[in-house]
Amino acid sequence: MPAETTKRRLFLFVDDDTDFLTAAREVFGGMSRGTWEITTAENHSQALAQLARQTPDLVVLDYNMPVMDGLEFLRLLRRTHPAQQVVMLTSRADEQTRKACLENGATLFLEKLLTPQGFEGAFAALDALAAATPRTGFRGMMRQVGLQDVLQMECLGRKSSVLEVFTGRSRGRIFIHDGSIVHAEAGALEGEVALYSLLAWRGGEFNLQPFSEPPRATISGHYEFLLMEAARLRDEGTTFFEPERAQAPVEATSPGAVRPSATESGAPPAAVPVRIDEVLLCSGAGEVLHEQGSAALEGSLGLLGQVEQQALQLCNLVPAGRFDRLEIITRTGRAVCQVQPHIRLLVRTTWQPAAQA
C-alpha cells in the first residue's frame, strides 16, 4: 500500500535582505525535505500581492524594513488578513520589541541568527507551528463585526476561549467556558461591570485566544441576558462603565460640598453605579431559562405574563407597531420588562450612590 503523501506547507518570508531570502529558500528548503513550499517578498507591496494570490500557512516577517517596518506591516495584516498567522523574525531581540510584536498579534517572536544552529532552531519552531495550524473549516474576514456577534457565536457553539479586546488606550479580556461567560476584566474593572464596559466600546480590535483559566469566576448569568443588558445600557448612552474613565482622578470638592443624589431627579447621575437586584429570563412559552435574586418567582412570572397580555391589547387598540419594553423608574431604582415572541426578560436594579463623607 503506498505511503500517504505529506501535505506541503506554504511559507511566505518577507525581508528586504535578499541574501537572507536566498539563504532561507536554500537552507529551509533542504531541511524540510520537500515538505515546505517557500515564497518570498522584499517589501510589503510584494507580500500583499502574494497574499492576494494564495494564503500561506505562515508569514515570516522581518522587523527591520524600510518604508513600512515589520511592526507597521503586522498591524496592517491584522486588519486586512486577521486570520493569518504571522511570525516576527528580527536581530533586534529586546524585550520591548518582543512585547510590541506579540501585543499586535504576532503568533511567535524569533531572533534572527544567521548560523547553522540559528537556522535549525528557527526551522523547528516554524515547522511545529505550521503543523499545529488547523486547516479545516472556513477562513475569511468579517468587517465591522460587533463583539456581541463574536460572543454569541462562541456561546451558541459551547466554545471555550478568551476574547481579547483592545483599543489604542485600553485593553480587556472576556473568558468563555463551555458556552458561558464566566469572567471579564478591563483595567481595574472585573465581572459584569467590565463586560458591559467592553461591549460599550464603539470600535477597536479583538483576538480569539485558546481558553485559559481566569483568576476567578465573576460572572454567572445566562449569556443572552448579559448581551441584552449590555445592548440596553449602550442604547441608553450609559458611560459610567468606560475603563478609560474608571481610573480617572476623583475631582476634589470643598469641605461641606454635597454630591447630587439619585433621589433628586428620579434618575441616577452619570457616575452612580447600579446594583442588579433581580434577573428573570424566560422563553416565549414562559419556561425559566435563568433566574437570579427572584424572591417571589411566581409574582415575577405573573408580571411578565400580564405585561404580555396588556401589550397585545395595546397593539390591537393602537396600530403603532410591536410592543418591545416597559420601563418603570422610581426614586431608588428601575425595573425593565422586555417581551418578545421568543423571549421574556425582567431586570430590577437599584441606584447605588457613593457614601457621603
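Each principal axis of the Cα cloud of region 274-351 was taken in turn, and the coordinate range along them, longest first, works out to 36, 30, 17 Å. Relative contact order of region 9-132, taken over Cα pairs closer than 8 Å and 6 or more residues apart, is 23 percent. With the highest mean first, a sort of the peptides 300-306, 174-180 on other beta-carbon atoms found within 10 angstrom per residue produces 174-180, 300-306.
Across region 147-244, Cα-Cα pairs more than 15 Å apart make up 55 percent of the total.
Values in this text are rule-based calculations from the coordinates and carry no lab data. Note that the structure is a prediction, hence the values are computed from the model and not measured. For neighbour counting, all protein chains shown are included, and Cβ atoms are generated from backbone atoms with ideal geometry for every residue, glycine included.
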